[in-house]
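Remarks on the structure that follows.
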Amino acid sequence: MKILDRYLAGAVIVGTLLTVGVLLPLLGFFLLADEMDEVGRNGYRFADALLFVTLSMPRYLYQAFPLATLIGSLIGLGTLASRSELVAMRAAGVSIGRIVHAAIKGGALLAVVAVVIGEGVAPIAERKGLQWRAEAQLGPVTLLSEHGFWARDGNAYVNIRDIRSGAHLYDIHIYEFDQELQLHRATYAEHAAYTEDSWILRGISQSTLDAGRIRTSHVGHTGWNSLLDPGLLKIVVNEPHVLSVWELLRYVRYMTANGQDARSYQVAFWGKVIQPFLILAMIFVSIPIVLASVRTSGLGSRIFLGILVGIAFYLISRTFSYVALLYGMNPLVATLITPLIFLAMAFRILQRVG
């Protein structure tokens, strides 16, 4: 039985690797085509866009891995079905549960690889790509580091720890220097927003160095004449899907503690938590598709059906994500409901096939 388990698991793994080999170039082509709109702006070259897309690929591969696993399982197990090997296994007394168990073993290895890519490689590569893109578009006066975004703004250096969509900045440190490059003023602001062609700082604490003395002041809000372009800052926004699961957990705790709406980060967090289990679920979903059509459908039909199932899964899961964001649905429930529906349907079909 161990040989049979390795054979079935190997079919799932090989089919998934073949699918990834086809999906990656397609993803890269569409991403590069989308990035071409930025080429030529502020010295941003085709080589810069190509490198940025290359460094972004691990994240997109991680997001597409459940679909790749679904199609790969259909290819691997469907090939066995087309050669009547699954029929021979069933005739020899191999149960459907044994086939499922063996396929899930292959999926477990794929899930481990996906987690390494999604939580280890993708966040690092994404940051490198964003830093490269920022420097190519804004110049070498910008830097992305573990302590946030750094930029030169005239005679001042700005450190922004948290950048969110909609031109909202949080945890801002501004260091202003005089003509002799001596620190003249240090400003901290809790929040900055871009409204009516200008920045507004809020929750300000300011320390001014004057003749060897330090004067401290606190201001509720004031204008900020900065050269930072909110349009260009979009390239370094901490979007939820870019962060690792641990960074998302930290963001959720931070925003909850400060009374801010963390639902988008909670949805992304739970999505990443269940991603490995989703890969296993897609293998389980693929098996009834193969067994139910073992004698009536060709490999192409199974792959097409798998693609339709994957698209339906994506659309339904995205719908529940938007419901969670708009109507306050529990993020964990919104994340789990779609895979549970598909697993229940797959289990029902397996019962009928058995």
Checklist outcome for this item: The correct count of residues that are surrounded by fewer than 20 Cβ atoms within 10 Å (Cβ to Cβ) and either at pLDDT 75 or above or of a type in the set (Phe, Trp, Tyr) (or both) in segment 131-151 is 2
Item to check | Of all residues making up segment 161-176, the number that are outside any loop (DSSP other than H, G, I, E, B) and at pLDDT below 85 | outcome: 7
Checklist entry - If we scan segment 77-90, do we find a residue that is assigned by TED's automatic domain parsing to the domain that holds Ser301 and more than 19 Å from Ile289 (Cα to Cα)? => result no
Checklist entry - Among the listed residues Ala103, Ala114, Ala33, Ala49, which satisfies the condition of being within 24 Å of the chain's Cα centre (by Cα), within 20 Å of Gly310 (Cα to Cα) and of a type outside the set (Asp, Glu)? => result Ala114
Next on the checklist: Take Trp199 and tell me if it is at pLDDT 80 or above and either closer than 18 Å to Ile160 by Cα or in contact with a Cys (Cβ under 8 Å, 6 or more places away or on another chain) (or both).
Outcome noted: yes
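Return yes or no: is Arg127 under 30 Å from Arg250 (Cα atoms), out of contact with any Gly (no Cβ under 6 Å at 6 or more places or on another chain) and free of Cβ contacts under 8 Å to residues at least 40 places away in the same chain? Even if it seems obvious, please write down each step before you answer.
Numbers: under 30 Å from Arg250 (Cα atoms): yes; out of contact with any Gly (no Cβ under 6 Å at 6 or more places or on another chain): yes; free of Cβ contacts under 8 Å to residues at least 40 places away in the same chain: yes.
Spelling it out, Arg127 is indeed under 30 Å from Arg250 (Cα atoms), out of contact with any Gly (no Cβ under 6 Å at 6 or more places or on another chain) and free of Cβ contacts under 8 Å to residues at least 40 places away in the same chain.
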Next on the checklist: Whether any residue in segment 274-296 is assigned by TED's automatic domain parsing to the domain that holds Ile13, of a type in the set (Lys, Arg), at pLDDT below 75 and part of a helix (DSSP H, G or I) is what I want to check.
Outcome noted: no
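Take the residues of segment 19-53 that are touching a residue at least 24 places away in the same chain (Cβ under 8 Å) and surrounded by fewer than 16 Cβ atoms within 10 Å (Cβ to Cβ): which is nearest to Ser286 (Cα to Cα)?
Per the criteria, the residue is Leu24.
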Checklist outcome for this item: Of the residues in segment 328-354, those that are farther than 21 Å from Leu67 by Cα, assigned to a helix (DSSP H, G or I) and at pLDDT below 80 number 3
Item to check | Residues that are under 11 Å from the mean Cα position of the chain (by Cα), at pLDDT 75 or above and closer than 17 Å to Tyr314 by Cα, drawn from segment 229-268 | outcome: Ala268
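The values are calculated or read from the model by the stated rules, or taken from the named source; none is laboratory data. Note that the structure is a prediction, hence the values are computed from the model and not measured. With ideal geometry, Cβ positions are generated from the backbone for all residues, glycine too; neighbour counts draw on all protein chains shown.
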